[in-house]
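Each remark here refers to the structure printed beneath this line.
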Amino acid sequence: SLVGFASMAMLLVLPFGVYGSIGNLNSLKNQVMGEGISAVGFLKTGGAAAQNRDFASASRDFAQADENFGNAERQLGGLATMLNAAPTLLPGTMLSTAAPLLNAGREIAQGGERLSSGMQAANDVASPTEKLNALRTYLAEALPHLERASSALALVSADAVPAKYRGAVTDAQRDVPKLTNAVRKASAVADVMGAILGQAEAKRYLVIFQNNAEMRPTGGFMGSFALVDVSKGKVTNMAIPGGGTYDLKGSLTEHIASPQPLHLVNPLWQFQDANWYPDFPTSAKQITWFYDKSGGPTTDGVIAINASLMEELLAVTGPIDMPEYGKTISSKNFQEETQKAVEVEYDKTANKPKQFIADLAPKVLEKLMHADNDQMVSLAAVMDEALSKRDVQMWLKDGDTEQRITALGWSGAIKKTDGDYLYMVHTNIAGQKTDLMMRDDVQHSVKILPDGTGIVTLTLTRTHEGQKGAQFSGVRNVDYVRFYVPQGSTLVEAHGFSAPDPKLFKMGDGSEGADAAVATEEQNTKIDRDSGTRINDEGDKTVFGNWMQTDPGSSTVVTLVYQLPPSTITLTHPPDGKLAAFYGKIAGNVRDRMDYSLLVQKQSGTTPMHFSSSIDFPRGFTPSWQSPQRTADDRGRWSVDAKIDRDAFFGSVAEGQ
């Protein structure tokens with residue numbers, strides 16, 4: 001459709017007399033049309049072949065499409081120069097669309113050929129790092145073509161395109177930039193994965209398995225861990241202690257006091273509780289410190305994997321037979337059967353409750369390493385989703401690689417923003433395996449005063465959907481919840497919280513040392529007298545922390561009211577003075593303007609939450625831009641509802657009358 005319209009647009013140059021006779025021009029039009037139709041045909045068959053993983057055929061078809069586009073351009077001769085100038089000289093006209101569409105088609109063909117050749121080259125080599133090297137080369141070659149195609153399509157005005165071609169144009173304008181960004185990201189991923197998988201030198205990682213049925217700040221309780229060696233993309237050794245993280249208790253040489261809320265279970269801070277900070281790089285360094293002090297070997301980094309990811313991986317590999325345990329583990333029964341194996345059915349004499357995981361993990365890895373092409377595509381999709389939702393997080397000691405991981409969003413770091421910010425962090429302390437039964441409903445509202453001051457009212461309703469008495473999940477959920485908000489926020493009031501009986505907290509014997517960061521935090525923590533809320537700063541955020549306890553079949557509701565720091569909401573006034581006002585009118589900034597944005601960071605491992613947000617602007621202010629789109633209620637508040645399963649951004653710009 002695109003090339004057909006580009007050829008049809010040749011008729012518009014008749015009045016310019018570019019060619020000597022109508023007959024010659026019609027002949028030219030027909031020749032170009034024929035090449036264009038042929039090129040589009042090869043683009044379609046090439047795309048279909050790529051979808052069917054027939055990359056050799058796809059590469060040939062895309063190359064043939066490129067040749068047809070080239071023939072069309074050569075047949076246009078001097079006319080091509082005029083068409084290329086049309087978007088600048090005659091913007092918004094039918095004539096202005098011809099050259100950009102033709103150029104976009106050829107660039108897409110060339111980019112598609114490079115991508116297909118890269119996939120074929122990756123299929124032809126064996127080792128994972130060789131596959132990455134092949135892909136990286138071809139991705140880098142494809143990217144400039146797709147960028148030029150995106151730029152060419154941006155020159156096309158959809159309104160100038162006849163109705164029957166308009167859908168194809170708008171689809172291309174939407175999808176080609178998406179493909180371009182995907183290839184750009186894939187190129188960055190291929191580059192960093194080579195370093196992670198030991199392409200240049202062997203790597204050793206501490207891999208933490210987090211059980212998100214028992215929430216902890218970085219995604220779940222650290223029940224098991226593995227020491228994994230990789231070289232040139234292959235796992236050369238994997239050791240998983242049968243006793244899990246508790247195996248390190250006896251060898252820990254440093255005895256330090258745990259953060260105060262953890263005193264509910266242990267006055268000593270130990271390896272299994274090391275992931276105390278929701279900022280994963282901070283927790284990873286703490287995990288490494290405990291591992292080193294327990295006699296562990298030097299590692300190159302920490303990788304955390306949530307238990308819920310195993311269900312997705314098993315959906316790719318298929319069931320895993322565990323005859324020695326009388327079990328077959330699938331994506332549907334993984335949580336239940338694994339929980340029984342490590343909590344109830346293990347050999348109490350040998351006392352290795354995590355041996356089941358130690359035996360299961362290598363079998364899953366073996367299937368993944370021998371996945372066929374279709375499974376590899378599915379696995380790539382699963383891992384991309386897991387990294388996006390932070391079901392996999394990683395921290396590497398190598399600074400350059402860590403920076404690239406952070407740029408890709410894989411580090412699990414607390415994010416920075418100039419606007420409003422919210423990160424709710426649940427920590428299950430003595431609440432057993434109840435968190436997969438917990439559902440969060442959050443109501444967030446901000447009232448903005450005429451001077452730009454913002455007052456936030458945040459209500460969290462936490463519902464326990466478990467059945468009382470059910471194995472593992474039928475007990476009270478005990479949650480120390482922290483709310484990370486912009487630094488400098490001031491607590492106005494808090495209610496609905498309920499702390500455990502103070503008698504349940506354990507006291508040390510006085511011989512414990514102090515972790516410098518924990519000691520500093522405790523010294524600077526303030527306690528709200530009315531609610532018992534702990535208030536402190538952590539990094540560039542202010543933190544409000546308190547307790548929620550929820551029984552099966554019930555809900556707990558808590559509310560925080562706090563004032564945002566002055567810089568959170570931007571209030572812009574029109575320029576003063578007649579001259580400034582004149583220029584302001586030209587620039588379109590003659591009204592008061594308020595800019596408000598909210599970044600919601602979702603905790604790794606938690607179930608999706610229902611989130612509603614409303615903005616109450618001062619009288620006389622009306623939104624001129626919103627994302628996502630909001631609706632006004634009967635009180636004049638602009639509201640939006642969303643289901644959040646990953647980080648989310650909300651923004652609004654309002655202008656005065």
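Things worth noting here:
- Every residue from the stretch 608-657 that is over 26 Å from the mean Cα position of the chain (by Cα), in a strand (DSSP E or B) and among the charged types (D, E, K, R): ASP616, GLU655
- Among residues of the stretch 415-441, those that are open to solvent by 10 Å² or more (accessible area, probe 1.4 Å) and of a type in the set (Val, Ile, Thr), counted: 1
- Checking each residue in the stretch 214-257 for being part of a loop (DSSP other than H, G, I, E, B), crowded, with 18+ Cβ neighbours inside 10 Å and touching a Gly at 6+ places or on another chain (Cβ under 9 Å) picks out GLU214, MET215, ARG216, THR218, GLY219, GLY220, GLY233.
- Residue within the stretch 460-473 that is buried (at least 22 other Cβ atoms within 10 Å of the Cβ), modelled with pLDDT of 95 or more and either more than 27 Å from THR556 (Cα to Cα) or of a type in the set (Phe, Trp, Tyr) (or both) present: no
- Within this structure, VAL265 passes the test of being farther than 21 Å from MET394 by Cα, open to solvent by 10 Å² or more (accessible area, probe 1.4 Å) and at pLDDT 95 or above.
- Only residues that are under 18 Å from PRO259 (Cβ atoms) and open to solvent by less than 80 Å² (accessible area, probe 1.4 Å) were counted across the stretch 529-558, and they come to 15.
- Verdict on GLU336 being out of contact with any Ser or Thr (no Cβ under 7 Å at 6 or more places or on another chain) and surrounded by fewer than 21 Cβ atoms within 10 Å (Cβ to Cβ): yes
- Any chance GLN270 is of a type in the set (S, T, N, Q) and under 30 Å from GLU385 (Cβ atoms): no
- Residues considered: PRO628, PRO608. Of these, the only one that is open to solvent by 20 Å² or more (accessible area, probe 1.4 Å) and either modelled with pLDDT of 95 or more or of a type in the set (S, T, N, Q) (or both) is PRO608.
- Selected residue [of a type outside the set (Val, Ile, Thr) and on the phi > 0 side of the Ramachandran plot] from GLY513, GLY469, GLY474, GLY508: GLY469
- Among residues of the stretch 269-304 being part of a helix (DSSP H, G or I), among the aromatic types (Phe, Trp, Tyr) and open to solvent by 10 Å² or more (accessible area, probe 1.4 Å), the one that is farthest from TYR205 (Cα to Cα) is TRP289.
- For VAL557: the one exception among (1) hydrophobic (A, V, I, L, M, F, W, C); (2) part of a strand (DSSP E or B); (3) farther than 24 Å from TYR596 by Cβ; (4) more than 29 Å from the chain's Cα centre (by Cα): (4)
- Residues located in the stretch 297-335, provided they are more than 19 Å from GLN375 (Cβ to Cβ), under 22 Å from the mean Cα position of the chain (by Cα) and modelled with pLDDT under 95: ALA307, SER308
- In the set LYS249, LYS232, only one residue is at pLDDT below 95 and under 23 Å from GLU402 (Cβ atoms); that residue is LYS232.
- Total residues in the stretch 506-527, condition part of a loop (DSSP other than H, G, I, E, B) and open to solvent by less than 40 Å² (accessible area, probe 1.4 Å): 3
- Qualifying position, being surrounded by fewer than 18 Cβ atoms within 10 Å (Cβ to Cβ) and not in a helix (DSSP H, G or I), among VAL156, VAL125: VAL125
- Looking only at the stretch 476-501, and only at residues there that are of a type in the set (A, V, I, L, M, F, W, C) and not in a strand (DSSP E or B), the one that is most open to solvent (accessible area, probe 1.4 Å): ALA499
- Taken over the stretch 50-67, the residue count meeting the criterion of being in contact (Cβ under 8 Å) with a residue 40 or more places away in the chain and either part of a helix (DSSP H, G or I) or acidic (Asp, Glu) (or both) is 9.
- When the stretch 61-98 is filtered for residues that are surrounded by fewer than 18 Cβ atoms within 10 Å (Cβ to Cβ) and modelled with pLDDT of 80 or more, the ones remaining, listed by number, are GLU67, GLY70, ASN71.
- The residues in the stretch 237-276 that are charged (D, E, K, R) and under 31 Å from the mean Cα position of the chain (by Cα) can be counted, and the count is 1.
- Test result for VAL456, among the aliphatic types (A, V, I, L, M), surrounded by fewer than 21 Cβ atoms within 10 Å (Cβ to Cβ), at pLDDT 95 or above and within 30 Å of ARG593 (Cβ to Cβ): no
- If you go through the stretch 340-360 and keep only what is buried (at least 18 other Cβ atoms within 10 Å of the Cβ), in contact (Cβ under 8 Å) with a residue 60 or more places away in the chain and outside any loop (DSSP other than H, G, I, E, B), you end up with VAL342, GLN355, ILE357, ALA358.
- Pairs where the first residue, in the stretch 428-448, is in contact (Cβ under 8 Å) with a residue 40 or more places away in the chain and closer than 17 Å to PHE650 by Cα and the second is open to solvent by less than 30 Å² (accessible area, probe 1.4 Å) and assigned to a loop (DSSP other than H, G, I, E, B), C-beta under 8 Å, 6+ apart: VAL446/LEU564; ILE448/ILE569; ILE448/PHE617; ILE448/PRO618
- Qualifying residue in the stretch 361-373 (condition: open to solvent by 80 Å² or more (accessible area, probe 1.4 Å), more than 21 Å from VAL235 (Cβ to Cβ) and not hydrophobic (A, V, I, L, M, F, W, C)): no
- Of all residues making up the stretch 375-414, the number that are farther than 16 Å from ALA195 by Cβ, in a helix (DSSP H, G or I) and open to solvent by 50 Å² or more (accessible area, probe 1.4 Å): 10
The values are calculated or read from the model by the stated rules, or taken from the named source; none is laboratory data. It should be emphasised that the depicted structure is a prediction, and the values quoted were computed from it without experimental measurement. Positions of Cβ are generated from backbone atoms using ideal geometry, with glycine treated the same way; all protein chains shown enter the neighbour counts. For the accessible areas, the whole protein counts, side chains as well, though only heavy atoms, and no ligand, DNA or RNA atoms are used. Shrake-Rupley method; radii C 1.70, N 1.55, O 1.52, S 1.80 Å.
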